[in-house]
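Worksheet for the structure shown next.
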Amino acid sequence: MTVAAPAFAQSWEPIEKIEHYRVNGTSPMELYQSIGERGPKLSLGRVIAHTTFKLTWQRDYQQQGQACVLASAKPKLIITYTLPKPVERLSPDVAAKWQAFYEGIVTHEKLHGQFMKDLTQQIQDVSIGLRDENDPGCKKVRAALQAQLKPISDAHVARHSEYDQVEMSPGGAVHQLILAFLNP
């Protein structure tokens, strides 16, 4: 099994979407409580915001005599950011606090989105040019690709987890955003 350097990098662009969920209230505490009641559900409960992705591939496996090469791998990456949005009009001072809080949450979620873009690029980098000289039917190349994807995926999951752990721990950026939003 060999990996040949691709003749050219295949360009791609992610599709990024923002979906809002509605939160009620006119004070920071009411808004934050509504986030707790209406935020996206994850395994441990509700969260302020969440980033998900759907990644699919168009792969071109080419038979070259007895050899098989993965000639191209074009991703389609859709990243969806789920964020809170107040339904009621806010006073100027609460609106200013909300805007700072919201922008900080967006910044946090956009980094999760960047991690997903990085993952996609890593997969593309290990895919294109993957080759086996004795692989009629391209079964070995497909298996070799799958074997390479597991460690990349595991590292991706760990990266998200470590990032959230730091950001949400006492003193972390998200923790600071919450305190600044709720405190007078």
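Odds and ends about this structure:
- Computed as a quarter of the hull surface, the mean projected area of the alpha carbon convex hull for the stretch 99-150 stands at 4.4 nm².
- Helix screen, the chain: no DSSP H segment has Cα axial length of 18 Å or more and mean Kyte-Doolittle hydropathy at least 0.5.
- Pairs of Lys residues in the stretch 1-118 that lie 8 or more places apart, or on two chains, and have C-alpha atoms under 23 angstrom apart add up to 21.
- Here the contact order of the chain, divided by its residue count and restricted to Cα pairs under 8 Å and six or more residues apart, works out to 28 percent.
- Extension gain for the segment Asn183 to Ile78, taken as residue separation times 0.36 nm less the Cα-Cα distance, is 34.2 nm to one decimal.
- Solvent exposure of the stretch 8-54 as accessible area per residue, Å², 1.4 Å probe: 68 Å²
- Antiparallel bridges, percent of DSSP beta bridges restricted to the chain (to nearest 5): 70 percent
- Applying 1/(1 + (r/R0)^6) with r as the Cβ-Cβ distance of Gln63 and Asn24 and R0 = 45 angstrom yields a FRET efficiency of 0.15.
- Here the accessible area is traced with a 1.4 Å probe on the protein chains. For the chain, carbon and sulfur cover 55 percent of it.
The values are calculated or read from the model by the stated rules, or taken from the named source; none is laboratory data. Model, not experiment: these values are computed from the prediction. As a convention, Cβ positions derive from the backbone with ideal geometry for all residues, glycine included, and neighbour counts pool all protein chains shown. To get the accessible areas, we keep the full protein, side chains included, count just its heavy atoms, and leave off ligands, DNA and RNA. Shrake-Rupley method; radii C 1.70, N 1.55, O 1.52, S 1.80 Å.
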